[in-house]
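Here the structure comes first, spelled out in structure tokens, and everything after it is commentary.
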Amino acid sequence: MKNKVVIITGGSRGIGRATAIEFGKLGAKVVIVYNSNDKKAKEVVEEIKKVGGNATCFKADVSKEENLKPIVDFAIKTYGKIDVLVNNAGIVFDREFENIKYDESLQILKTNMLAPLFLSKLVAQIMVKNGYGKIINVSSTSGMYDFNPGTADYAMSKIALQSLTKDLSMKYAPIINVNAVAPGWVNTDMNADLPKDFVESETAKYHMGRWAEPKEIADVIVYLASDKATYITGQIIVLDGGHC
């Protein structure tokens, strides 16, 4: 990954944070896109710099279309190119199905589905001109076999990402490799406050007997972005610890 330029949305925490750090360790130049927490974003940048990496951060709400081109422009201005895009930013609202609100669902779809669609569209144009690119979408097992009516809108957005992955892989082959990872439960701060009995019941469904750590997902993302995965495209890599 030496000198490869990587954009990671939702890069200040969880899977995005772990992925940014792994790219940084391998010599990539990382643009960490984040929505609100300045402190956490700067902490990731500093952590990457401590291991000899090169990183910067850019604050943007990716659910707003007008914020997407500035991300691309910033990466080009700072590092001169874009080699890898990781569409990781995502939000979820946990409630009963009867309490789903239109505005919340719209926010989920704009963040989790439309942002990757239109950011990929912008970045792909640059990658095609450069003759090289990798796009990795962070989907989920939600909607594949993990079902929760109260987060149906979240599942819809993540399944849509899998469809987008297939479409873009066909559109841009052989220049751009487009793949997705679909993690099951991961030990992130987003999941830190889940009820203990729920965590235990979900853990029992995994052959590995535990949830994934963010770095385990990050390692697969980095692999897909590397030159060791040149013949992999249009794939959804399920990372569920052997779900029963």
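Just for the range 61-99: of the residues that are in a loop (DSSP other than H, G, I, E, B) and touching a Gly at 6+ places or on another chain (Cβ under 7 Å), which one is farthest from Gly10 (Cα to Cα)? Don't jump to the end; show me each part of the working.
Residues of the range 61-99 in a loop (DSSP other than H, G, I, E, B): 61-64, 80-83, 88-96.
Then keep just the ones that are touching a Gly at 6+ places or on another chain (Cβ under 7 Å); that gives 83, 88-90, 94-96.
Numbers: Asp83: 18, Asn88: 6, Ala89: 4, Gly90: 7, Asp94: 19, Arg95: 23, Glu96: 26 Å.
Step by step, filter the range 61-99, then rank; the result is Glu96.
Among the residues of the range 31-52, none qualifies, meaning not one is more than 20 Å from Ile71 (Cβ to Cβ) and either touching a residue at least 60 places away in the same chain (Cβ under 8 Å) or among the hydroxyl-bearing types (Ser, Thr, Tyr) (or both). Do the conditions hold for Ala20, that is, is it of a type in the set (A, V, I, L, M, F, W, C) and either open to solvent by less than 10 Å² (accessible area, probe 1.4 Å) or in contact with a Lys or Arg (Cβ under 6 Å, 6 or more places away or on another chain) (or both)? Criteria met by Ala20.
Residue check: is Thr9 open to solvent by 10 Å² or more (accessible area, probe 1.4 Å), among the hydroxyl-bearing types (Ser, Thr, Tyr) and either at pLDDT 95 or above or in contact with a Cys (Cβ under 9 Å, 6 or more places away or on another chain) (or both)? Considered against the rule, which asks whether it is open to solvent by 10 Å² or more (accessible area, probe 1.4 Å), among the hydroxyl-bearing types (Ser, Thr, Tyr) and either at pLDDT 95 or above or in contact with a Cys (Cβ under 9 Å, 6 or more places away or on another chain) (or both), Thr9 comes out as no.
Applying the set (1) over 22 Å from Ala192 (Cα atoms); (2) open to solvent by 70 Å² or more (accessible area, probe 1.4 Å) to Leu68 leaves exactly one unmet item: (2). Go through the range 77-107 residue by residue and tally those that are surrounded by fewer than 20 Cβ atoms within 10 Å (Cβ to Cβ), touching a residue at least 12 places away in the same chain (Cβ under 8 Å) and out of contact with any helix residue (DSSP H, G or I) (no Cβ under 7 Å at 6 or more places or on another chain). Result for the range 77-107: 5.
Go through the range 129-244 and tell me which helices (runs of 4 or more DSSP H), entirely inside it, have 3 or more residues that are touching a helix residue (DSSP H, G or I) at 6+ places or on another chain (Cβ under 9 Å) and crowded, with 21+ Cβ neighbours inside 10 Å. Before the answer, list the steps.
Numbers: elements: 152-172, 196-203, 214-225.
Answer list for the range 129-244: 152-172, 214-225.
The values are calculated or read from the model by the stated rules, or taken from the named source; none is laboratory data. This is a predicted model, so every value here is computed, not measured. Cβ coordinates were reconstructed from backbone atoms using ideal geometry, including for glycine residues, and neighbour counts include every protein chain displayed. Note: areas computed on protein heavy atoms with side chains; ligands, DNA, RNA excluded. Shrake-Rupley method; radii C 1.70, N 1.55, O 1.52, S 1.80 Å.
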